[in-house]
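Heads up, the thing below is written out as structure tokens.
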Amino acid sequence: MNTAAEVESVLQTILEVNIRLDAAFVKEAYKATLQDDSVRLAKLQELYTAGKPAKLFEASMKKGRSLLIGVENLHDDNNNSSIYENLLKGELPYIRK
């Protein structure tokens, strides 16, 4: 890479790929949450975080918990499923507090 435009192009591509990847995991995690499937959620998290450096993993976990708290309030039934409680407490396999 020799120019700012080339660097920008590479970074844009990386962001586009990551957004699509994140969206796929969010979709699957949402489905697993609706089914109260903590085993599936743990596997998704394991796959998602496998290639992330530790600092990015911790930042992702904090962001995810914040999002989870917001989304939890949107459910029509207003029942706190065990999956939400376990995710927030970090009690599913592979989830670090």
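Laboratory data are not the source of any read-out in this text; all were calculated from the coordinates shown. Quantities reported herein were computed from a predicted structural model and do not represent experimental measurements. Neighbour counts run over all protein chains shown; Cβ positions are idealised from the backbone, glycine included.
Note on Asp22 and Asn2: the model spin-label points, each 7 Å out from Cα along the C-beta direction, lie 3.4 nm apart.
Of the listed peptides 44-53, 14-23, what is their order by residue-averaged count of other C-beta atoms within 10 Å, with the highest listed first?
Top to bottom by mean Cβ count within 10 Å: 44-53, 14-23.
Computed extension gain for Tyr30 through Ala50, at 0.36 nm per residue and net of the alpha carbon distance, reaches 5.2 nm. What net charge is computed for the residues neighbouring Val26, neighbours being all others with C-beta under 13 Å from the C-beta of Val26, Lys and Arg scored +1, Asp and Glu -1? Neighbour charge sum, excluding Val26 itself: +2.
Between Met61 and Val39, the simple spin-label model (points 7 angstrom out along Cα→Cβ) gives 2.4 nm.
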